[in-house]
């Protein structure tokens, strides 16, 4: 019975993954990708989705060997107390970094587009308060709320795309494959680092899922990727070369909606989609962070350290990006490597350790006979 | 003025969280909570005074700079 109370089911798990994948990427990625891959960034997203589906298989394989253990416990079991602890600390810094950046980005968007005179940190604090509130209520509550919110997000998204169809011009994506292949690979790397790599934090959530399987993980990731793909494609089709002047292209296409001068200025619909998705990304990141910390220090009630960690994240969010030049430099050049280390190399390391351990123990059994 | 506000906020949060942990006899959680809270308080005070707060992203940047130079994206 207690298992049923504390665990989310397949469907909720799938929705959580797709909301997590959409996350802040729906606002951030069209602009970031356009800087490297220009009007071919939709191709980069397809490559990126393929890459993240491959990595999901890796993560799921790892969790199937240890269905009841979180990332921190797996690394401690496989790599020993000290080296495993080091790997976990690296991972926890990665997760805390994720919380911090998302708090900053949520404040930045509202500060630039909606309320320019209020200081940025006010929105970060508001977001942090509801984040702590959601995580303290538990994963099951988040999962059930996701069922409602996902429907809202999908409906609004389809409405927005449908209203934008008259503005699209196919000439904007021609000629296809004009940009060098190196730039497209770089752009898909950026997509992977923001949407695919952070999925590693689901290794903290998988033990709280009822019978996680291949299908729901991949389908969730695919649906999330499809959202970003459609958004980016619409941005390119509607804005064309004007995309380079926009800070938030996907927000400004929503401003362009105009149906017979009757339905206009519905950009806040887009903001609602973004609020829901970034909230879910933030809450799941934060859940993984405090769960990881409490597993590392062997605490049984993980919500007890939620308040101090949230305060640390809010304070750090005011210092991490001193200006926008630093921000885009960081997100385009350094962060892909950082995300790749945490999201791909470390899981591969753990899988290798698992197989080596299995082979060694088989040999030991043979010798003892 | 701001420091006073920070102190009041931290006292309020500690009085909200700590009595529950003590009454449930969770010693490890209480110690972790207080340690992290002290660290968070220190961070807040450093941010409010004129001392420059260290940026953790700069450390990671130094760690990954060589990799970026090798693969030469951008």
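The values are calculated or read from the model by the stated rules, or taken from the named source; none is laboratory data. Predicted model, so just to flag it, every value in this text is computed and none were measured. Please note: Cβ atoms are built from the backbone with ideal geometry, for glycine as well, and neighbour counts cover all protein chains shown.
Some observations on this one:
- When residues of the stretch A:303-329 are limited to those that are in a helix (DSSP H, G or I), surrounded by fewer than 18 Cβ atoms within 10 Å (Cβ to Cβ) and facing another protein chain (nearest Cβ under 9 Å), the one modelled with the lowest pLDDT: A:329
- Candidate set: the stretch B:14-30, residues that are exposed (fewer than 15 other Cβ atoms within 10 Å of the Cβ) and facing chain A (nearest Cβ under 9 Å); chosen: the one nearest to the chain's Cα centre (by Cα): B:16
- Test result for residue A:297, closer than 30 Å to residue B:9 by Cα and surrounded by fewer than 17 Cβ atoms within 10 Å (Cβ to Cβ): yes
- Qualifying position, being facing another protein chain (nearest Cβ under 10 Å) and more than 20 Å from residue A:138 (Cβ to Cβ), among A:256, A:298: A:298
- One residue stands out in the stretch B:35-74 among those that are more than 9 Å from chain A (Cβ to nearest Cβ) and closer than 16 Å to residue A:309 by Cα: the one that is nearest to the chain's Cα centre (by Cα), namely B:42.
- Test: residue in the stretch A:354-366 that is more than 14 Å from chain B (Cβ to nearest Cβ), closer than 21 Å to residue A:83 by Cβ and in contact (Cβ under 8 Å) with a residue 24 or more places away in the chain: yes
- Members of the stretch A:210-221 that are in contact with a helix residue (DSSP H, G or I) (Cβ under 7 Å, 6 or more places away or on another chain) and either closer than 13 Å to residue A:20 by Cβ or modelled with pLDDT of 85 or more (or both): A:216, A:217, A:218, A:219, A:220, A:221
- Among the residues making up the stretch A:130-144, those that are in contact with a helix residue (DSSP H, G or I) (Cβ under 8 Å, 6 or more places away or on another chain) and under 16 Å from residue A:275 (Cβ atoms) are A:130, A:131, A:134, A:142.
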